Amino acid sequence: MIGFFPGFINEIIGLKLNIRRASIIYLRKDQMIFFLRLLKSENLFYEVSDFYRSFNSLGYTKDVSEIKPSNSQIYSIYISKDMETVKELKTLDCARNTLTSEDFFLKMGALLGYPKCCTMSYIAKLDSPDFLNDSKLCPELSDDVEPFLRLFNVRNGEKVNYLLNDFLFPHLRQHIVCNYACEESIKQLVKITDYLKKKFPIEYSSFEYLLKQSLMYVGNRCFVSFIDLKEMGNSIYSYSMCTFNFNKLFEQNSQNGFKIDESYQIFKHFLEGDSFENSSNSVKIFKDKKLIHEQFKRHKYDCFFIHVI
């Protein structure tokens, strides 16, 4: 029986519920043994890629003969209910450099069950002048387009359905949504969460609590998560507590230097406060309605607030 593993929920249960024909999970070699046993117990077919991808690179190599153990070497696990589809997916993934970008993503998206609106949006935005220009504002995300694309797809202060909250790991899905009100994506996730509520009510309740936390991107791949956030009106929000979130995997593998201290200092101001006012120019932090700090924004993705509902 499948256990409650948030990072893989959407992929495995999506197969069980026929939301998708196939799935890809990315793992290091030291993570594989347990997961492959899980797939066998679920009567799912799989194959492991003949190449690895570097954690901070979009490039691939098929030269696996001299691989040395490293946390940066990620392998693809191709999964389906039948071996024919597994092989189809693996062949397509290996052929990505021989296909046009649009052709590859359309075929891959169809196999993985991504809504077509999301796949088309992904293709269009990667080459759009607005995306390319805006991405320069966050150089710490330049080694992987998808984290920035998530920010690009939402407006500062926009309300986001918690099912679509994918700004921190773990989350419910793998594809990048066309927007954070995507009806097709929500339909898929409602089916998955209905399944989880029945099978794992206690575990899912805790997971849902995390998904519903609103966030603020404070740079350097760091987020502040707000607990019990309430909208007070006029772009003012109160909260009972906040936490600091940083993916340490990027600390060693990214080619860009991070100034984590800067982001942590912003978090400390929020930790001292109990409410904030979010505007296009700054974030004002208050304690008992008294202003204790004003953080001025250097660009539109600086102190970028995501209101999860």
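None of the figures in this text is laboratory data; all of them are computed from the coordinates on show. Quick caveat, the model's predicted, so the values are computed rather than measured. Using ideal geometry, Cβ is built from the backbone for each residue, glycine included, and neighbour counts are taken over all protein chains shown.
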Task: Charge dipole magnitude, Cβ of K and R +1, D and E -1 - the chain, Cα centre, debye nearest 20 - done: 520 debye
Open item on the list: Taking the square root of 5 times each eigenvalue of the Cα gyration tensor, what semi-axes in Å does the equivalent ellipsoid of the chain have, largest first?
Closed with: 35, 22, 19
Task: Coarse-grained scattering of the stretch 119-225 at q = 0.20, 0.23, 0.24 Å⁻¹, given as base-10 log I(q)/I(0) from a Debye sum over alpha-carbon atoms - done: -1.13, -1.38, -1.45
Open item on the list: Taking 8 Å as the Cα distance limit and 6 or more residues as the minimum spacing, I'd like the relative contact order of the chain as a percentage.
Closed with: 17 percent
TODO: Determine the equivalent ellipsoid of the stretch 213-309 by diagonalising the alpha-carbon gyration tensor, then write out the semi-axes as square roots of 5 times the eigenvalues, largest first, rounded to whole Å.
DONE: 23, 14, 12
Open item on the list: Can you tell me, using C-alpha contacts under 8 Å and at least 6 residues apart, the relative contact order of the stretch 213-309 as a whole percent?
Closed with: 29 percent
- [ ] Could you sort out which of Lys268/Lys289; Lys81/Lys116; Lys87/Lys199 sit more than 19 Å apart by Cα distance in this structure?
- [x] Lys81/Lys116; Lys87/Lys199
Task: Which of Asp50, Asp302 has the fewest Cβ neighbours within 10 Å, and the rest in rising order - done: Asp50, Asp302
